[in-house]
Every structure is written in C-alpha cells, then in structure tokens.
Amino acid sequence: TPSSSDVQLTEEAVRRYLIRKPMTTKDLLKKFQTKRTGLSSEQTVNVLAQILKRLNPERKNINDKMHFYLTE
Amino acid sequence: SSSEADEMAAALEAELNDFM
C-alpha cells in the first residue's frame, strides 16, 4: 500500500541525487522503483518527467550515455 | 524486470525529448 512506501518521488529527492552525481534516466528510475514508492510505472514516468522539466538539470554525455546533474 | 526498466527509461526519455 502507498502508506507503507519507504521512498518518495519528490523534486527535493531528485535534486539531492543530481547534486551528488550525474545520473541517467535509468539510474534515477532505479532510485524510485515502483515497489518502493507505491506508484505505478506510468505515474513514475510522468512525475519524474515533470520534476526534471522543472529542475532543468545540466546534461553531459559520459560513456556515450546522457547524464543529468545539478550544481548547488 | 530489466525490460520494464528499459521501457520506463525509454518512455521518460521520450517525454523529455519533447521538452529539450
């Protein structure tokens, strides 16, 4: 049930991860797995997309993969 | 599963590509 979720997909949580180190979309999705947040796959994708649009993180390619990151 | 993770990553990137 959602009340038992131990991870919350919030703008602040995403911001903290991206300040710590550059991450791919897959890296971020791993941090907010549906079984831990209680969200559906579709909700996770939609909410994370909205958060990333708001944060508008910097992007760079590392090992040919696009990574997002933020500076403080 | 990893294939579901791949699908989610692809869907997320598609959403963001419209924006970028």
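The numbers here are math on the coordinates, done by the rules we state, and not lab data. The structure presented is a predicted model; accordingly, all values stated were derived computationally and were not measured. Note that each Cβ is placed from the backbone with ideal geometry, even for glycine, and that neighbours are counted across all protein chains shown.
Could you count how many residues in region A:6-24 are farther than 12 Å from A:His67 by Cβ and within 14 Å of another protein chain (Cβ to nearest Cβ)?
Counting residues in region A:6-24 that are farther than 12 Å from A:His67 by Cβ and within 14 Å of another protein chain (Cβ to nearest Cβ) gives 2.
For region A:20-54, give me each residue that is under 11 Å from the mean Cα position of the chain (by Cα) and hydrophobic (A, V, I, L, M, F, W, C).
A:Met23, A:Leu28, A:Leu29, A:Phe32, A:Val45, A:Val47, A:Leu48, A:Ala49, A:Ile51, A:Leu52
Looking for something aromatic (Phe, Trp, Tyr) and farther than 17 Å from B:Ala10 by Cα - is there at least one such residue anywhere in region A:3-19?
yes
Please name all residue pairs, on different chains or six or more residues apart, with Cβ atoms under 8 Å, provided the first residue is in region A:44-64 and is within 10 Å of another protein chain (Cβ to nearest Cβ) and the second residue is of a type in the set (Gly, Ala, Ser).
Here the result reads A:Val45/B:Ala11, each pair linking region A:44-64 to a residue that is of a type in the set (Gly, Ala, Ser).
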